[in-house]
1. Of the residues that sit in segment 310-363 and are among the hydroxyl-bearing types (Ser, Thr, Tyr) and in a helix (DSSP H, G or I), which one is farthest from Thr68 (Cα to Cα)?
2. Of all residues in segment 163-176, how many are closer than 20 Å to Ala26 by Cβ and surrounded by fewer than 20 Cβ atoms within 10 Å (Cβ to Cβ)?
3. I'm trying to understand the selection: among the residues of segment 115-126, which are surrounded by fewer than 20 Cβ atoms within 10 Å (Cβ to Cβ) and in contact with a strand residue (DSSP E or B) (Cβ under 9 Å, 6 or more places away or on another chain)?
4. Suppose we filter segment 85-114 for residues that are over 15 Å from the mean Cα position of the chain (by Cα), hydrophobic (A, V, I, L, M, F, W, C) and surrounded by fewer than 24 Cβ atoms within 10 Å (Cβ to Cβ); how many remain?
5. Does Ala248 satisfy the criteria of being of a type in the set (Gly, Ala, Ser) and crowded, with 22+ Cβ neighbours inside 10 Å?
6. Considering only residues that are farther than 19 Å from Val151 by Cα and of a type in the set (Lys, Arg), look in segment 170-224 and name the one that is modelled with the highest pLDDT.
7. Mind telling me which of the residues Val283, Val289 ends up being among the β-branched types (Val, Ile, Thr) and either closer than 21 Å to Pro84 by Cα or buried (at least 24 other Cβ atoms within 10 Å of the Cβ) (or both)?
8. Got a sec? Which strands (runs of 3 or more DSSP E) wholly within segment 1-84 have at least 3 residues that are modelled with pLDDT under 95 and surrounded by fewer than 17 Cβ atoms within 10 Å (Cβ to Cβ)?
Amino acid sequence: MTETGPNSSPLNVRAMAPLAQKNLSAMAWAYYDSGADDEITLRENEAAWGRASLHYRVMADVENRSATTRVLGHELSCPIMTAPTAFHGLAHEAGELATATATHDAGTAMILSSLSTTNVEEVTACSNGPVFFQLYLYRDREVSRDLIHRVEEAGCKAIVLTVDAPMLGNRERDVHGQFSLPENLKICNLKADEPLSFSSRGGSGLAEFFQDHLDPGLKWEHLDWMRSITDLPIVLKGICRADDAKQAVTSGVDALVVSNHGGRQLDTSPATFDVLPRVCDAVEDECEVWVDGGIRRGTDVIKALAAGATATLIGRPILWGLGYNGQDGVAEVWSMMQRELDLGMALCGCRDVSQITRDLLSG
């Protein structure tokens, strides 16, 4: 398959990956590209979208189309958002600022990782669209409390709590490369006056950071504690079972994300597309359902919405664009994804996202 044009410019988001790799250190590329163990789930995430067929409608008058979507009350240009991914400063010196600017110029939302290399105040200050904040629960509850209050004050519009990482998955490429942050990069969002970094003690520095700082005792009751300290909407990221989805609804969350952490936590966990319909059926429209994992084409987004999702998240493609050409590269990712989504909607016979329904997957 041809993935570059006559001037070697990328024709799709996958084609940006090798171009980004040329610009990154071997350690940074391994961090972004790797999955857990044998990387089976990493591969299956992407393959599962390709196995699904779209049963398109014809003669449906698609001259005028709109992909506008509402997420947590915010109007977005399309049902695609930037997933929370760590350490954008490894990909480009402008880091999360470049990502946020390009994302909001595209008319959609960014979920900022708590492990970003740019502080949350700078990101929200440069943004003209919604910023949601991804949170891990820390062993020290005061750290979590202070961080939640800090992101509220910075203007973030929701908390996205990661629930699939009580411990860090076994990412062997990180261990082999002894992943650590370069001296010029810090984790800026834990303490405003004391940015953190980490180095490797012989394995993955990130695994050591998780072990030292994050709480493996996360349980459903902690949502009550979170609600007692914030009025922001709460989203759970990392759901892959229908019963957990039902429990999330019972717990009163505003949205959930069907996610396996990009195949970076439990290898051989199911591909997100394979569990998405069951999760959507389980919540019965009681909360929004978002999904990530292996989404590389506009048609993947259509399949996600047809299965019942409200919106999708893309992570690695954003990092590829950032590594390839900074803010302009991320903007190019958004242009590609939105163009493919619009074309796919037209070819499926859908004028707007409300017409992307389950029958497109079954005929």
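1. Among them, the one singled out is Tyr324.
2. 5
3. None - no residue of segment 115-126 is surrounded by fewer than 20 Cβ atoms within 10 Å (Cβ to Cβ) and in contact with a strand residue (DSSP E or B) (Cβ under 9 Å, 6 or more places away or on another chain), so the list stays empty.
4. Residues flagged as over 15 Å from the mean Cα position of the chain (by Cα), hydrophobic (A, V, I, L, M, F, W, C) and surrounded by fewer than 24 Cβ atoms within 10 Å (Cβ to Cβ) within segment 85-114 amount to 4.
5. Details: of a type in the set (Gly, Ala, Ser): yes; crowded, with 22+ Cβ neighbours inside 10 Å: yes.
Yes; evaluated as a whole, the condition is true for this residue.
6. Lys219
7. Values: Val283 fails: either closer than 21 Å to Pro84 by Cα or buried (at least 24 other Cβ atoms within 10 Å of the Cβ) (or both).
After applying the criteria, what remains is Val289.
8. So the answer is none; nothing clears 3.
The values are calculated or read from the model by the stated rules, or taken from the named source; none is laboratory data. Owing to the predicted nature of the structure, the values given are computational and were not obtained by experimental measurement. Counting neighbours? That spans all protein chains shown, and the Cβs are built from the backbone with ideal geometry, glycine included.
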